[in-house]
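The values are calculated or read from the model by the stated rules, or taken from the named source; none is laboratory data. Because the structure is predicted, anything quoted here is derived from the model rather than measured. Here Cβ is always computed from backbone atoms with ideal geometry, including for glycine, and neighbour counts include all displayed protein chains.
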Amino acid sequence: MITFMLNGKEIQVEVPPHWTLLRLLREKLCLTGTKEGCGIGECGSCTVLLDGMPVNACLILAPKVEGRRVETIEGLGSRESLHPLQKSFMDHGAIQCGFCTPGILMSSKALLEKNSQPNREEIKEAISGHLCRCTGYHQIIEAIEALKE
Amino acid sequence: MNMRQVGIEIPKVDVLEKALGEAKYGADLPCQEPLHLKVLRSPTSHAKIVRMQMEKALRVSGVERIFTAKDIPGKNLVGTIVKDQPILASDRVRYIGDAVALIAARTEEAAEEAAQKVVVVYEDLPSIIHPEEALHPHAPLIHEKGNLLLEFHVIKGDVQKGFKEAEVVVEETYTTTWVDHAYLEPDAGISYLDEKGRITIVCPTQNVHYDQKEVASVLSLPLDQVRIIQCSTGGGFGGRLDVTIQCLLALAAFHLKQPVRIVYSREEVFQVTSKRHPLTIRYKSGAKKDGKLIAIEVDILGDTGAYASYGGTVAIRSAVHATGPYQVPNVKVRSRMAYTNNSWSGAMRGFGVPQMAFAHESQMDLLAQALKMDPIEIRLKNCLRVGSETATGQTLTASVGIGETLKKVKEWRDKLSLLKDDSKKPFIKKGVGIGSMWYGIGNTGIANPSTAQMEIDPDGEIRLFTGVADIGQGSDTVLLQIASEAIGVSLDEIRLIRADTAVTTDAGATSASRQTYISGNAILDAIKNLKHSAIQEASQLLNIDENDLFFENGKVKSRTCLTTSIPLREIAKRCAKILKGEGSFDPETTKLDPQTGQGVPYATYAFATHLAEVEVDTESGKVSVNRVIASHDVGKAIHPQNVIGQIMGGVAMGTGFALMEEYVPGEKTSFVNYLIPTSKDVPEVIPIVVEDKEPTGPFGAKGVGEPALIPSAPAILNAIAEAIGQRIYDLPANLERVLGAVQKRKLA
């Protein structure tokens, strides 16, 4: 049994010790917004925030999140109240197939929380761990840039 | 015409659920206690299957059943045109990754453990690695009919005479390699029997109706007993035009009568899905002193790998596009596609045209160099125009925007200050290169229809039915825009019902940049018929002659009595029935002559020119693409932001094709060693949209999906050649090749 904060709520859950955080989220907690694109930390599709830092959930063993704070796409915003990043991605054409989108949104959130005025190079750096095959990244970068204060 | 829905910036209709993480892709689909499927695959590239032993595997706790070729009730062969690929190999495997058994178990772990315990005894057969070797008269046969899948020719004029008249001739050989689609979503899906007992498969795909035919054939079922539903699809780029998991899922659900689920690993996706065809292109071009092309002779040899897939299509399309977007009076092209024991090649964004563009654009620069001409001037001198005749004898009558894309790029180029190498970093060399292309919209010289329906029910709901699979490129939005513009109601008033074989009809594949043009036109036809039936009904309701009525902005109106007007919804309500319009469209093409390739392969073509600015580090071999000016004639941009999105993504994929992407069968199995561009590898892109309207296109539209990618690699390679003074003839231009070229230049 592990206890951790998930999207602002404390949860307790049984999990086999060899399961990854990604598997726990997707299979046990039915939070399928976090995607598995490669399973070895190369594509960034499974990015969630752990204590505010972007991590590949496929590389984190589930028991390691005991007592920590995990944020996933499901906690980012809702239909009623979209996160500004979600709105900006929609408005800028930053979403094509959408498979990489949840992970990139989470990394973008972490970036803007740390640095509210990122320049283009900093944005590129912040999302460089994510593979996107559809967009060529430009409209994603523009969507993040538009939220500079 | 003042348009309200076409040409505007609106968020795509599918992006809200994607932004929220709610969209369900293959591995996200809810499924009640499914059995998990795992495929056992061949570790060797060519072998006889001597025997298989399942006993140990069947004893693994949780294993329900292991399927082999013997369990396939119907035809154990699939393929888009030539059906030669088994779902499960029965007696022979032809590439590393061929499926030999399918395990169904209660957990993924049990399925995997069982897969390791199946014993397969193989007897190795000689493997053929090179297509030249495959075509040797004494080569071992990979398929009984022989190792040549297809040979195709395009013959026009008299090349011998042409080369005699030529004042400059250049001849070179170009090679390209395997490229993986690298769509981000690994193939995954579920299958179950629906409430009507139909085998139902929900999965990512580019063509539900094709999948349905393949599954029905494999299971020997009537079509209506198979239902395919497309779920959110994490990219395609051609890789999901062939069936991937569909028949495996269906086979298991058919026998087990309970839900089943399969999720490919990334390694499996690399190993077993199709790749871009490696082509070897021998290209001879002749021109007059003024730069006018007079003859080309081209020989293309492609590697289709173990199975046909789209190999024939690529051979034909490569040949048809061999001239590039130029008028050439004398043309001789031979294009052959051979089987080998390599990974099978299939459709990938451009069907051979990206490879051909690398060759014809390198040739154009070589001619310009030999003639001391400006690379843009030589292209402008030769480019197709309205009235030009193509190599297949087709006269182009409208929407030939290649010249305009060149002029737009030229304006940019002329503004660029002369590139000067940085004196502090003499090892960094700068260069600018141009690449142009043409691309025929839709399938090549074959029937290519789409169908659609538009209806309104008495409760006022307006529905658009289309079989088109949106794979992220935005067809759902574009087709809704076309429908709402044509019928005169706002986009959110139309309910879209899509890509489910039980409720939609065949729209053909999301491929060949065809859905905006072809399915867009099918929808316009459906709306024309819906309007007609609305006018007929209104005529009865209002007791006004049909000829006095017309349709405008969602209403039927009278020509003579200006105050008479009845909304579409009102008509449906008052006549208490569903008003429906059936639509179809098949572009006007002709079959190509089997000897000479003459005919009308496509009803319309897209055109584009890219300019690339590069920096080459001559010490490390690293090429940085700093900027690409991407000028595209799309006919009409229905959704401009989407068009730009395609261009941006195409340039990124083209940069990967140019510089880094090289799949090696049996070796590259992950993103660790198969690299695709990241945010730090892509150039700045300046997109330029040229709208030379296509009279037969919906609101003038053509297509952009594949054209977006095609000119990038040629422009980048031409820029590298300018930067280092030495041309690279083999893709990708990776560090080793660039350093090799730098070395060659030093020795020269």
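Here are some notes:
- B:I647 vs. criteria part of a loop (DSSP other than H, G, I, E, B) and either within 20 Å of B:Y183 (Cβ to Cβ) or among the aliphatic types (A, V, I, L, M) (or both): no
- Residue within the stretch A:2-21 that is under 14 Å from the mean Cα position of the chain (by Cα), closer than 28 Å to B:T678 by Cα and within 13 Å of chain B (Cβ to nearest Cβ) present: no
- Condition check for A:S107: over 26 Å from B:H639 (Cα atoms) and part of a helix (DSSP H, G or I): yes
- Any hit, the stretch B:645-659, residues being surrounded by fewer than 21 Cβ atoms within 10 Å (Cβ to Cβ), facing another protein chain (nearest Cβ under 10 Å) and within 22 Å of the chain's Cα centre (by Cα): no
- Number of positions in the stretch A:62-107 that are small (G, A, S) and under 26 Å from A:E10 (Cβ atoms): 8
- Scanning the stretch B:550-570 for residues that are farther than 18 Å from B:K580 by Cα and assigned to a strand (DSSP E or B) yields B:K557, B:S558, B:S565.
- Scan of the stretch B:239-257 for residues that are outside any helix (DSSP H, G or I), in contact with a helix residue (DSSP H, G or I) (Cβ under 9 Å, 6 or more places away or on another chain), of a type outside the set (A, V, I, L, M) and within 25 Å of B:E33 (Cβ to Cβ), ordered by number: B:T244
- Boolean, B:A502 is crowded, with 23+ Cβ neighbours inside 10 Å, of a type in the set (A, V, I, L, M, F, W, C) and at pLDDT 95 or above: no
- Any hit, the stretch A:138-149, residues being in a helix (DSSP H, G or I), in contact (Cβ under 8 Å) with a residue 24 or more places away in the chain and at the interface with chain B (Cβ under 7 Å from one of its Cβ atoms): yes
- Selection over the stretch B:133-157 of residues that are surrounded by fewer than 14 Cβ atoms within 10 Å (Cβ to Cβ), more than 26 Å from B:V39 (Cβ to Cβ) and charged (D, E, K, R) gives a count of 1.
- Sole exception among (1) among the acidic types (D, E); (2) at the interface with chain B (Cβ under 7 Å from one of its Cβ atoms); (3) without any contact (Cβ under 8 Å) to a residue 24 or more places away in the chain for A:E80, by number: (2)
- Close pairs (7 angstrom Cβ cut-off, 6 or more residues apart or separate chains): within 11 Å of chain B (Cβ to nearest Cβ) in the stretch A:107-127, assigned to a helix (DSSP H, G or I) and of a type in the set (D, E) anywhere: A:R120/A:E145; A:I123/A:E145
- Checked against the criterion of being surrounded by 14 or more Cβ atoms within 10 Å (Cβ to Cβ) and outside any helix (DSSP H, G or I), the stretch B:536-545 has at least one qualifying residue.
- Among residues of the stretch B:195-238, those that are free of Cβ contacts under 8 Å to residues at least 40 places away in the same chain and in a loop (DSSP other than H, G, I, E, B), counted: 4
- Output for the stretch B:28-40, where each listed residue is under 27 Å from the mean Cα position of the chain (by Cα) and more than 7 Å from chain A (Cβ to nearest Cβ): B:L29, B:V39
- Applying the criterion of at least 2 residues that are β-branched (V, I, T) and assigned by TED's automatic domain parsing to the domain that holds B:A715 to the helices (runs of 4 or more DSSP H) found wholly in the stretch B:338-423 leaves B:375-382, B:402-415.
- Qualifying residue in the stretch B:490-497 (condition: surrounded by fewer than 24 Cβ atoms within 10 Å (Cβ to Cβ) and within 30 Å of B:Y310 (Cβ to Cβ)): yes
- Scan of the stretch B:207-245 for residues that are in contact with a Phe, Trp or Tyr (Cβ under 9 Å, 6 or more places away or on another chain) and of a type outside the set (A, V, I, L, M, F, W, C), ordered by number: B:S232, B:T233, B:G234, B:G235, B:G236, B:G238, B:G239, B:R240, B:D242, B:T244
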